[in-house]
Amino acid sequence: MRLLTPLLARTRPALLLWSAALLAPLPAAAQGNGTVKGTVTQAATGQPLVGVIVTVNGTTVKGATNTRGAYSIENAPAGAQTLTFRWLGYRPIQVSATIAANGTTTVDAKMEQLPIQLSELQVTGASKVPERAVEAPAAFSIVEPRVLQANGITGQLPMALRDVPGIDIAQSGMNDFNVNARGFNSSLNRRVLVLQDGRDLAIAFLGSQEWNSMPVPSDDISKMELIRGPGSALYGANAFFGVLNITTPTAREVAGTKVTLGGGLLRPHEQDGSSFSGTSIRADARTAGVFYKGRLGYRLNAGFNQSDSWSQSRTSVDCLDLRREYADAVEDQAKHPIQTSCEVRPLNGQTRDAAGVVSGQPKDTRNIYGSGRLDYYMNNGSVLTADAGMAQVENELFVTGIGRVQVIKAYRPYARLAWASQGFNVMAYFNGRNALPWRAWKPAEQQFSLASGAPLLESSRIFHLEGQDIESFADGKGRLVFGASARNYRVNTSGSLMLPKTATFAGDDKRSDYYYATFGQIEYQLSPTVRGVAAARVDVGTLIEPQFSPKLGLVFSPNEKNSFRVTMNRAFQTPNYSEFFLHAGAAPSVNLSALEAGLRGPFAAALTTIPSGALFTTSSAVPVVALGNRDLQVETTLGFEAGYRGDLSSSVYVTLDAYLNRIRNFVTDLLPVSSLNVPSYPYWTLPALPSAVNAATRSALLATIKSQLTAASAFAGANLTRDAAGKTVIALTYGNAGKVTQYGIEAGLGWQINRSLRTDGTLTLFDYTVNQDQVAKGDSLLANTPAAKGTISLSYAERQLSAATSLRVVKGYSWAAGAFAGYIEPNVTLDANVAYDLNNNLKVFLNGTNVLDNRKFSIYGGSVNGRRILGGVTTRF
């Protein structure tokens, strides 16, 4: 907490002022204010516009239109005021009005459709403060509201990013998504930091996202920005290749009630002669409103989602189920052979016989969520927010480094308290994950490794506190953003994923670890057309060496519609708890009883003090385990970028970004300990022998063990070691390796063909050079990213009808991550959606993903995904 002292000292006067404002009597605060209300419609059609943000200029007092296009702002400053009406896709307008004190003033507005122009957009994620998108010192993309709304019924938030340049979206099953930017993907990606209202959504143990635990559907997100490139200077660990910044609306922005019901069909992998046989259903509800003279606002969300999946069991004793599953998805098996995959546990709901044949139907994936938010709007424009919620996820399947893991049931609670003003922000939040039985007498069936059958339990907590201040100087030419944060991780796996404490071992489980950081960014207008940006952050923690993350940039804006930029950024990614401390079964145990019995003949005298069956701790069952490496270093990247973005005309915009990153200290896949030469895991040592046993006998005994074990199994013979508790294991672990230079180009184009029709396209090119490969045998540094990919979309919106289609083309590429390695086939995917507003309160829609049923896999070891068609209705009142 010492690192927070300078921030608290600096902001103590501000805190006192905010506290005084918060505690001021409400009736006195409301004197001299009034209410302004009205209706906002589309100029060409007279249709009411939903979600238009109405702001009283010079204040943070705002409101939003409901389903009838109506808005109401209470406690607006009385007197001559200017109101700004703004919504993406419409020309912002300003209307002057005189607001009557203690009365009601009506101000209506008509808004004209406008092609989306970068010069009209604002982003927050690039600098942690609002700024014109065309001047942001980073590569970014904003996901349009129409995309978020169309995507809501799927329950798959990552699918809203499919048309963003530079992004890889790898999917396995229904909800196991892997979102990455700029290469070096993995089965559990952590290189894009995902924030919802400033709250890190990553799982504590793995550091990756659990996408089906979102507490709101994507159509209830007010804004989603993706900042690409290294971002640790402002965001710290794991903002390695980008930051996904998700913002949900305040209560007054979505006043009213909305209910969505939908469902549909999906085509499973089995060729049963039918086009569809799987089902999906979804229900979402939201209600929001303001009360207490507009001072308080509430928002409640709840939902349920259940679906079949494309995942299959792979338990046949011949270990060829993966080959059979992928047979139709791999075009040339001679050129790209399919690996074997041995699993002992079937999917939840199925049973397995002695031959490995499964029967029964897998249970559906399911998500149940609920969340609530309470906003208090203060006189000075500040907003105090408290929100909390929980999601329950069931039967989801994840591809991990040790193979596939199925989550039978997990609970994801969270709570957040935030205090936001124009210049000062404080936030504290709690994230939890519970994959332990709620009742001690219930069996521990929460999540399992399908390869070993072992239960993988987890109970984790994250506590985070952060403060930020914004100051202007030099008559507004400069701006300073600075802040600090503190975070605590608490992880308990009940000994299933980390070693517990024993009488002779301090233990790794039930950990509590801290991270602290300070950060700052200064911007200055060097000339009317050139702005300079410099930022830096220092992170320290109990598990990492101190990290310094700088950022430098120049933005040249010859006019309001175009800009050029150059930037330099450093970022880092910390090893997760699995990479540091994992201790989990990777395969069935090995019986070394026969080996021990054979040794007790020639070496009987040396082994007299070793109990029978205990030479290898438990000789009859020597575990084959995946181990963490406590000595891992953080991965780092130093990035150099150049970019252009601008409006070429009133209907065409272009973005172009080029980058070069130099990456160091990759954390490898799980590899044999003999390949990595990890100091923590030397070759197996003999237990304590009688002092009379001389060195020559000891050496001969050890050599005999190694040679005989190697003759039976080369892998076991080479990788026999002891874990941190001193027990005999056959092990794999992680290491640091590699120096890589990666480079690429990301291009985007948008063209508003006419008032109703729009097309967008992206093209991404990527390549890399390995400067220093891993010296370990069996490792290869693969980017797990296509060298080229592109998208083209077409959207239509006129009066009550909206429709869109998107085509994504991905070049084939090699993949290696953890237990799986192979070739990802080229892929062409077509998605489409259509919606029709029957009236102001009722909308029907149809959404199709992979409508051409291009049956491919996008994570090696993951499922072959097929077509999914959903339909539904949304009502607002």
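So the values come out like this:
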read-out	value
Residues of segment 367-391 satisfying the condition of being in a strand (DSSP E or B) and either of a type in the set (A, V, I, L, M) or surrounded by fewer than 18 Cβ atoms within 10 Å (Cβ to Cβ) (or both)	ILE368, GLY370, GLY372, LEU374, TYR376, VAL383, LEU384, ALA386, ALA388, MET390, ALA391
Odd one out for PRO623, checked against (1) surrounded by 22 or more Cβ atoms within 10 Å (Cβ to Cβ); (2) of a type outside the set (Val, Ile, Thr); (3) farther than 17 Å from LEU499 by Cβ	(3)
All positions within segment 661-691 that are of a type in the set (A, V, I, L, M, F, W, C), under 23 Å from LEU638 (Cβ atoms) and in contact with a Gly (Cβ under 7 Å, 6 or more places away or on another chain)	PHE666
Any pair with Cβ under 8 angstrom, 6 or more apart, that starts in segment 250-268 at a residue that is hydroxyl-bearing (Ser, Thr, Tyr) and ends at one that is part of a loop (DSSP other than H, G, I, E, B)	THR257/PHE877; THR260/PRO217
Residue match in segment 588-597 (condition: within 29 Å of the chain's Cα centre (by Cα) and in a strand (DSSP E or B))	no
Only one of SER187, SER172, SER127 that is polar (S, T, N, Q) and surrounded by fewer than 24 Cβ atoms within 10 Å (Cβ to Cβ)	SER127
Of all residues in segment 440-479 being of a type in the set (Lys, Arg) and more than 22 Å from SER213 (Cα to Cα), the one that is modelled with the lowest pLDDT	LYS442
Selection count, segment 666-679, where residues are more than 25 Å from the chain's Cα centre (by Cα) and not in a strand (DSSP E or B)	7
Selection status of THR84, out of contact with any helix residue (DSSP H, G or I) (no Cβ under 6 Å at 6 or more places or on another chain), closer than 30 Å to GLY553 by Cα and of a type in the set (Ser, Thr, Tyr)	no
Search result, residues across segment 352-379 that are of a type in the set (Phe, Trp, Tyr) and modelled with pLDDT of 90 or more	TYR369, TYR376
Output for segment 697-742, where each listed residue is under 30 Å from ASP657 (Cα atoms) and small (Gly, Ala, Ser)	ALA737, GLY738
Test: residue in segment 365-373 that is outside the structural domain of ALA587 (by TED's automatic domain parsing), more than 25 Å from ASP284 (Cα to Cα) and not basic (Lys, Arg)	no
Pick from segment 790-814, criterion touching a residue at least 60 places away in the same chain (Cβ under 8 Å) and assigned to a strand (DSSP E or B), ranking: surrounded by the fewest Cβ atoms within 10 Å (Cβ to Cβ)	ALA797
Hits in segment 482-530 (condition: out of contact with any Lys or Arg (no Cβ under 9 Å at 6 or more places or on another chain), surrounded by 21 or more Cβ atoms within 10 Å (Cβ to Cβ) and over 30 Å from THR733 (Cβ atoms))	ALA484, SER485
Only listed residue being within 28 Å of ARG570 (Cβ to Cβ), hydrophobic (A, V, I, L, M, F, W, C) and in a strand (DSSP E or B), chosen from ILE663, ILE730	ILE663
Some residue of segment 723-734 being among the polar types (S, T, N, Q), farther than 30 Å from GLY231 by Cα, at pLDDT 95 or above and touching a strand residue (DSSP E or B) at 6+ places or on another chain (Cβ under 6 Å)	yes
Scan of segment 462-481 for residues that are buried (at least 20 other Cβ atoms within 10 Å of the Cβ) and either farther than 26 Å from TYR414 by Cβ or not hydrophobic (A, V, I, L, M, F, W, C) (or both), ordered by number	GLU466, GLY467, GLN468, ARG479
Condition met for TRP751 (part of a strand (DSSP E or B), of a type outside the set (D, E, K, R) and surrounded by 15 or more Cβ atoms within 10 Å (Cβ to Cβ))	yes
Per-region count, segment 277-311, residues assigned to a loop (DSSP other than H, G, I, E, B) and within 30 Å of GLY264 (Cα to Cα)	5
Subset of segment 312-340 (residues that are assigned to a helix (DSSP H, G or I) and in contact (Cβ under 8 Å) with a residue 60 or more places away in the chain)	LEU322, GLU325, TYR326
Test: GLY862 is touching a Ser or Thr at 6+ places or on another chain (Cβ under 9 Å) and assigned to a loop (DSSP other than H, G, I, E, B)	yes
Residue that is touching a helix residue (DSSP H, G or I) at 6+ places or on another chain (Cβ under 9 Å), aliphatic (A, V, I, L, M), surrounded by fewer than 24 Cβ atoms within 10 Å (Cβ to Cβ) and at pLDDT below 95, where the choices are LEU206, LEU201, LEU265	LEU206
Enumeration of residues in segment 815-853 that are of a type in the set (Val, Ile, Thr) and either more than 27 Å from LYS258 (Cβ to Cβ) or in a strand (DSSP E or B) (or both)	ILE824, VAL828, THR829, VAL834, VAL844, THR849
Residue match in segment 512-530 (condition: of a type in the set (D, E, K, R) and either part of a strand (DSSP E or B) or over 30 Å from PHE448 (Cβ atoms) (or both))	yes
Selection status of GLU343, farther than 30 Å from SER218 by Cα, outside any loop (DSSP other than H, G, I, E, B) and within 30 Å of the chain's Cα centre (by Cα)	no
Where THR741 falls short, out of the listed (1) surrounded by 15 or more Cβ atoms within 10 Å (Cβ to Cβ); (2) part of a strand (DSSP E or B)	(1)
Flag if PHE581 is at pLDDT 95 or above, aromatic (Phe, Trp, Tyr) and crowded, with 18+ Cβ neighbours inside 10 Å	yes
Qualifying residue in segment 354-371 (condition: among the β-branched types (Val, Ile, Thr), without any contact (Cβ under 8 Å) to a residue 12 or more places away in the chain and either more than 25 Å from ALA821 (Cα to Cα) or touching an Asp or Glu at 6+ places or on another chain (Cβ under 9 Å) (or both))	no
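The values are calculated or read from the model by the stated rules, or taken from the named source; none is laboratory data. The shown structure was predicted, so the numbers you read here are calculated from the model rather than taken from an experiment. Methodologically, a virtual Cβ is constructed for each residue, glycine included, from the backbone with ideal geometry; neighbour enumeration extends over all protein chains shown.
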